[in-house]
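The values are calculated or read from the model by the stated rules, or taken from the named source; none is laboratory data. None of these values were measured; they are calculated from a predicted model. When we count neighbours, we look across all protein chains shown, and the Cβ atoms used for this are built from the backbone with ideal geometry, even at glycine. Note: accessible area is taken over every heavy atom of the protein model, side chains too, but ligands, DNA and RNA are not part of it. Shrake-Rupley method; radii C 1.70, N 1.55, O 1.52, S 1.80 Å.
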Amino acid sequence: PARMGLPALALLLAAGLLRTQASPSARSFQLDYEHNCFRKDGAPFRYISGSIHYARVPRPAWRDRLLKMYMSGLSTVQVYVPWNYHETLPGVYDFTGNRDVEAFLDLTAELGLLVILRPGPYICAEWEMGGLPAWLLWEPDIVLRTSNPAYLAAVDSWLHILLPKIKPRLYHQGGNIISVQVENEYGSYYACDYGYLRHLLGSFRALLGSEVLLFTTDSTRAEELRCGTLQGLYATIDFGPGSNVTEAFGAQRHVEPKGPLVNSEYYTGWLDYWGEAHTSTSAAWVARGLEDMLQLGASVNMQSLFLQLTSLPWPGADYKDQYKPVTTSYDYDAPLSEAGDPTEKLFAIRTVISKFQPLPVGPMPPATPKYAYGWVTLQKYADLLDVLDVLCPSGPIQSQFSLTFEALKQAHGFVLYHTQLPRDVLVPATLGAPPHSICDRGYVMLQKEYQGTLERDGKTTLHVTGRAGDTLDILLENMGRISFGANTSDFKGLLGNLSLNSRPLSNWLIYPLAIDTAVQEGWPQAALPKSSSGGRVGPAFYTGTFETPGIAWDTFVKFPGWSKGVLWINGFNLGRYWTCRGPQQTLFVPGSVLHVGRPNNITVLELEGAPPTPLLLFLDRPLYNRTLGCSTMGTE
């Protein structure tokens, strides 16, 4: 293997030697293949960085989280840009409020942080479809992440909007963005399409210029490095604690014999899936791996430096022999908690950093204050089937057979499929769907009575009886599009026809539901209460209010006795709860969404079954590591 010349590099970094004759005003950030390092303004440089997702942090908390990262000793932050967060429909862009990426980048510069930008177009990040917009799938023959013309046309039109905002913020232009990643872990994707990577390289160069440092990131597996790297893009790797650091960097040296050693995603924790145990990674283990890399003179970005809120509809899913949706909380057992609290792990990382470079002077900003607002009583407002006029104001679409979310041009949320039994069914008959055609959960009602749930890669049949003409409704839920794996073309809804004793059902009325829009606009608080059945099972809305005692502090809400559903407070979608699956038992409520001096409106859509007394409990700490059995009919 090629010699790395690492002790010499460590000395160079320590002494800040080998400054070139470049004038102080000539800003540059470059690769030095001779001394195996980066050069910033001509001097040897190595970064210690942490990832932050502005899309997962409420805007009022951006400064607090960035300041905590700076005070941890980080020189740099790595920032993802999720395409689907900004181009919500083809040619419709949103860079306002929490989506104001330019304001976020300006804040990083103000706080003295450098930026490594990851604009994708695919970013993974456990984000819905890896950041690719669901509307790409409106073109049924599109092949994502390849040279497919329809896909490239959409990518180019997006890059022409985004990258001109980035160019003036590049380091050599006077900004703070030192490097830009192209695609993400492309080697793990089946396509291995070098033409696609070449196209991206050309687009990035055309829009950002020839000076900016462009790079790729892949795992240490030889096959992935073969497919994910390209001449003209500097190849970096990713690996977590517990890896043999020398061996891992040996894999990078195989594709980049010279240049700086870089771990672009050092995993400080790992993600949670619904129904599986909460993951944790010890602080000592993370710190040891970091120290080993820094001793080699490597540059490191710590992935998921802090745990972050992912409001719906953005959590993604993985596919590992089965569909595995990711929890609402981006809870990677992270060094900074979801509420922005420094943890033991953060201080362990800070201690390691202090051995290699001076820490900023001053104290670490404290944890944000939390408040346990206590118990809040909710009332049932209406069964979902009784408010379709509000949730689907344009009315249903008639179709002989079922249609996907994509065919209906519905990206997220829920679609209701309604039909009638074509004949008397006096002996229990099997209501079923072809394999892999329930995407992702279907809540079945017969004559408005909840029958149970059908689930992707799970239970796909129920037994029903009824009379000809009885109404049959199935509410389909998108649990998040696959963000990592062989196939990100993850269509949603009923992908195949439901059948009764193997005879397909037809004559559907299909309601694409705009629940989020209705709740954001003040429904149902602004509406008159409905006279719905008092039943507790099946999809229904519950509402309530609570007052804050003169302060609006962060809090965590628990759902005792509830099954599965979605929570909104003051119209803000705080994500999914799934009490009986776990491990996540609470949702984080940032104080910035709460009102002081007037009531806070709570809306819950419970999908399977509410408790006899519908109460929520507001706590001052989260509960993650609990996986309970479901008791509600038809959920398991």
Note to self: Run the helix sum for the chain: -39,500 (n - 2.57) per DSSP H stretch of 4+ residues, divided by residue count, reported at 222 nm to the nearest 500 deg cm²/dmol.
What the structure shows: -5500 deg cm²/dmol
Item checked: For Val593, solvent-accessible area (1.4 Å; no DNA, RNA or ligand), Å² -> 20
Note to self: Which entries of Lys409/Lys492; Lys40/Lys167; Lys165/Lys492; Lys68/Lys558 have Cα-Cα distances beyond 22 Å here?
What the structure shows: Lys165/Lys492; Lys68/Lys558
Item checked: Within-13-Å neighbourhood charge of Arg198 [Cβ basis; K, R +1; D, E -1] -> -1
Notebook entry, point to check: Hey, which lysines would be in cross-link range of Lys355, C-alpha to C-alpha under 18 Å, not counting anything within fewer than 8 residues on its own chain?
Noted result: Lys345
Margin query: I want to check the label-to-label distance for Ser502 and Ala407. Put each point 7 Å from Cα in the C-beta direction and report it in nm to one decimal.
Written below: 2.4
Check: How large is ³J(HN,Hα), in whole Hz, for each residue of segment 603-616 in order, when computed from phi with the Karplus curve 6.51 cos²θ - 1.76 cosθ + 1.60 and θ = phi - 60°, using x for Gly and Pro?
Finding: 10, 10, 9, 8, 9, 10, x, 8, x, x, 10, x, 10, 10
Check: From largest to smallest, what semi-axes in whole angstrom does the chain give when each is the square root of 5 times an eigenvalue of its alpha carbon gyration tensor?
Finding: 46, 28, 21
Next item on the list: Round to the nearest 0.05 the FRET efficiency obtained for Gln357 and Ile551 when R0 = 35 Å and r is the Cβ-Cβ distance.
Entry: 0.35
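Are there any helices in the chain, counted as whole DSSP H runs, that stretch 24 Å or more along their axis by Cα and score at least -1.0 on average by Kyte-Doolittle, and if so which?
Once both thresholds are applied, what remains is 149-166.
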Check: What is segment 394-513 by shape, rounded, prolate or oblate, if you read a ≥ b ≥ c off the alpha carbon gyration tensor as root eigenvalues and call it rounded for a/c under 1.5, prolate for a/b larger than b/c, and oblate otherwise?
Finding: prolate
Next item on the list: Using a cut-off of 14 Å between beta-carbons, work out the net charge of the residues near Leu403 (Lys and Arg +1, Asp and Glu -1, Leu403 not included).
Entry: +1
Notebook entry, point to check: Taking amide H positions as placed 1.01 Å from N in the peptide plane, with prolines and chain starts having none, which residues 5 or more places from Thr460, or on another chain, fall under 5 Å of its amide H?
Noted result: Glu455
Notebook entry, point to check: What nm value, rounded to one decimal, do you get for the distance between Glu211 and Asp389 when each label is placed 7 Å out toward the C-beta?
Noted result: 6.3
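Whenever you get a sec, line up Ser28, Ser592 from highest to lowest accessible area (probe 1.4 Å, protein heavy atoms). Walk me through the intermediate numbers first.
Values: Ser28 25, Ser592 65 Å².
So, going from the largest accessible area down, we get Ser592, Ser28.
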Checklist line | Using θ = phi - 60° and Karplus 6.51 cos²θ - 1.76 cosθ + 1.60, couplings along segment 29-35 (whole Hz; Gly, Pro as x) | finding: 9, 9, 8, 10, 6, 6, 9
Item checked: Linear extension gain, Glu139 paired with Asn244, 0.36 nm per residue minus alpha-carbon span -> 33.4 nm
Next item on the list: Compute the signed sum of charges (Lys and Arg +1, Asp and Glu -1) over the other residues within less than 15 Å, Cβ to Cβ, of Pro133.
Entry: -2
Next item on the list: Note the full-extension length gain between Arg467 and His199 as 0.36 nm times their separation in residues minus their Cα-Cα distance, in nm to one decimal.
Entry: 90.6 nm
Notebook entry, point to check: What are the residues whose amide H is under 5 Å from the amide H of Arg118, where those residues sit 5 or more places off or on another chain and H is modelled from the backbone?
Noted result: Val79, Tyr80, Val81, Gln181
Note to self: If I ignore ligands, DNA and RNA and count only protein heavy atoms, how much of Arg99 is accessible to a 1.4 Å probe, in Å² to the nearest 10?
What the structure shows: 50
Check: Does segment 44-355 come out rounded, prolate or oblate, given a ≥ b ≥ c as the square roots of the eigenvalues of its C-alpha gyration tensor, rounded meaning a/c under 1.5 and, failing that, prolate meaning a/b above b/c?
Finding: rounded
Next item on the list: Could you please put Glu455, Glu87 in sequence from largest to smallest accessible area, using a 1.4 Å probe?
Entry: Glu455, Glu87
Next item on the list: Please report, as a whole percent, how much of the solvent-accessible surface of the chain comes from carbon and sulfur atoms (probe radius 1.4 Å).
Entry: 54
Notebook entry, point to check: Put a dot 7 Å past each Cα toward the Cβ at Ala367 and Arg226; how far apart are the dots in nm?
Noted result: 5.0
Item checked: Gain on full stretching of the segment that runs from Gln400 to Arg423 - 0.36 nm per residue minus C-alpha separation -> 6.6 nm
Margin query: Could you compute how much accessible surface Tyr33 exposes when probed at 1.4 Å, giving the result in Å² to the nearest 10?
Written below: 110
